[in-house]
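Report on one structure; see the data block that follows.
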Amino acid sequence: MNCETARQLLSEYVDGTLSARNVFRVECHLAACHTCAALAHDLRRTVGAVSRLPAIAAPEGFAERLARRLQSVEPAPRRRAWVASLVEVLRPRLVPAMGALGACAVLAALLLLPRPSPGPPPASEAEQQAATHRLQSVVLSATDPFEDLAAANLAAHASTAEQTAGRVQ
Ligand SMILES: [Zn+2]
């Protein structure tokens, strides 16, 4: 038994209302723990001192007056159910849980959404060259619309052909 558990049981131990098993466990702890033993001693002395005080009788009609006053106190107005549930959801201790729930929802959406197909198979070298030439044509026409596009394309194709020939050698 640790100190926290022993201290929770000390009041019942001093009052003599603890089960025999717990009395044994508390006494084992008190034999080993000087701090809790001192606390039990102080508690026993305090209970003894209070029990020796003279009993004071309540004034006549005290119980009836107390009951009337308690009835006259209006209960706090009940909050609307949706306000209470909103307050419950936004309590600080639930914010991490709500964040984790949101992250799970995003992850599930990412996993369940249809993904785009992986695309066409890798193109052959000739197809890659054709794509490169188309791209170069577009780039040339976009950079200088007044240039002779046919001549520029021819020059670009010639340089690409030289590069390809260089790679082959
Ligand atoms: Zn202790």
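Every number here is computed from the coordinates shown, using simple stated rules; none is lab data. The shown structure was predicted, so the numbers you read here are calculated from the model rather than taken from an experiment. Because the Cβ atoms are built from the backbone with ideal geometry, glycine has one as well, and the counts that use them run over all protein chains shown.
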| query | Hey, got the dipole for the range 3-51? About the Cα centre, +1 on K and R Cβ, -1 on D and E Cβ, debye to the nearest 20? | reply | 60
| query | Taking the Cβ-Cβ separation of Val106 and Val73 as r and a Förster radius of 45 Å, what is the calculated FRET efficiency to the nearest 0.05? | reply | 0.35
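How high is the FRET efficiency from Thr35 to Glu12, r the C-beta distance, R0 22 Å, rounded to 0.05?
0.70
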| Table column - 3J(HN,Hα) (Hz), the range 30-46, Karplus curve with 6.51, -1.76, 1.60, x for Gly and Pro | 5, 5, 9, 10, 5, 5, 5, 5, 5, 5, 5, 4, 4, 5, 4, 5, 5
